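Asks: Okay, here's the structure, questions in a sec.
Since every read-out is calculated from the coordinates, none of them should be taken as a lab result. Predicted model, so just to flag it, every value in this text is computed and none were measured. Using ideal geometry, Cβ is built from the backbone for each residue, glycine included, and neighbour counts are taken over all protein chains shown.
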Amino acid sequence: MNLQLINPIAFIDLETTGINISADKIVEIAIVKILQDGTKQVKRKLINPEMPIPAQATEVHGITDEMVKDAPTFKQVANEIKQFIEGCDIGGYNSNRFDIPLLIEEFLRVGINLNMQGRKFVDVQKVFHIMEQRTLTAAYKFYCNKSLDDAHSAEADATATWEILEAQIERYPQIGNSVDSIVKFTGEDDIVDFARRFIRVKGVEVFNFGKHKGKPVEQVIKEEPQYYDWMMKGDFAMDTKQKFTEILNRTLLKKKQ
């Protein structure tokens, strides 16, 4: 195995009702967990999203309402998934911007605050886009010389992602062969929330969108406190609102001291 692991790494792929993190739901989850000795463990589940699957989503992944009508809800499998990825770093393809934020959102919807502190997040798409700039299917052909016949099957996509990373490590010595070195190479932001509405710059939490982009969050809270209310009422992910509330509470506590 090319990748040197301190912790197990779980490659996650989701098929969903759409791409809106705050509104859409998971219809299939596949997790390919690689242990330090290279052993592979797989968990795959169809999920009843408790909402109709739009036709355009079905056209992408082939999953219909009929296929998930007797499947468990996310709430019913949440603890099982949480336990399976416990202690793992997380890998995926475009996972830092989609799969992980949506997974966190699903956990929060059922009242589970998944602790992601101390984990590393390896987004194979970032390595690929920096080096080659193509799609997952093309990446699989380019790096592994294989055809991804089951593209948009969650397990096939997650397994292909793992195989691509193995090939990338062999092809690009400059990215290193550890989770730490790959994350450093891809230059991940120091994120506050998984939807990346807030990031840390030199240890300071700042807005990463909108009219306040680049401004410290605490500064905006002091200068425009109504902005907090606007975000709480807006179409933002629960994780984003939770992190904003934590910063607000910390800021108010400082004022009292």
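Asks: For the chain, what is the mean residue ellipticity at 222 nm derived from helices alone (per DSSP H run of n ≥ 4: -39500 (n - 2.57); sum divided by total residues; nearest 500 deg cm²/dmol)?
Replies: -12500 deg cm²/dmol
Asks: Still on this structure: How much of the DSSP beta bridge set in the chain is antiparallel, as a percent to the nearest 5?
Replies: 75
Asks: Now for a different question. Work through the residues other than Asn249 whose Cβ is under 12 Å from its Cβ and net out their charges, Lys, Arg +1 and Asp, Glu -1.
Replies: +3
Asks: Relative contact order, percent, of the chain when contacts are C-alpha pairs under 8 Å separated by at least 6 residues? Show your work: numbers first, answer last.
Replies: On the way: 390 pairs, mean separation 48.8, N = 257.
Once divided by the residue count of the chain, the mean separation gives 19 percent.
Asks: If R₀ is 22 angstrom, what is the calculated FRET efficiency for the pair Met232 and His129, using the beta carbon separation as r and rounding to 0.05?
Replies: Details: r = 34 Å, r/R0 = 1.55.
Plugging the Cβ-Cβ distance into 1/(1 + (r/R0)^6) gives 0.05.
Asks: For Lys215, give me every one of the lysines with a C-alpha distance below 27 angstrom, ignoring sequence neighbours fewer than eight places off in its own chain.
Replies: Lys120, Lys126, Lys184, Lys202, Lys233, Lys241, Lys243, Lys254, Lys255, Lys256
Asks: If you don't mind, another one. For segment 198-256, max minus min Cα coordinate along each principal axis, in Å, sorted largest first?
Replies: For segment 198-256, the Cα extents along the three principal axes come out at 30, 24, 20 Å.
Asks: I've got another one for you. Taking segment 114-198 as the region of interest, what is the percent of Cα-Cα pairs per 5 angstrom bin, listed from the shortest bin to the one with the maximum distance?
Replies: The percentages, shortest bin first, are 3, 14, 23, 22, 17, 14, 6, 1.
Asks: Can you give the log10 of the normalised intensity I(q)/I(0) at q = 0.11, 0.16 Å⁻¹, computed with Debye over equal Cα scatterers of segment 110-257?
Replies: -0.59, -0.95
Asks: Express in whole angstrom the spacing between the alpha-carbon centres of segment 116-130 and segment 8-74.
Replies: 19
Asks: Report, in cubic angstrom per residue, the convex hull volume of the C-alpha atoms of the chain.
Replies: 143
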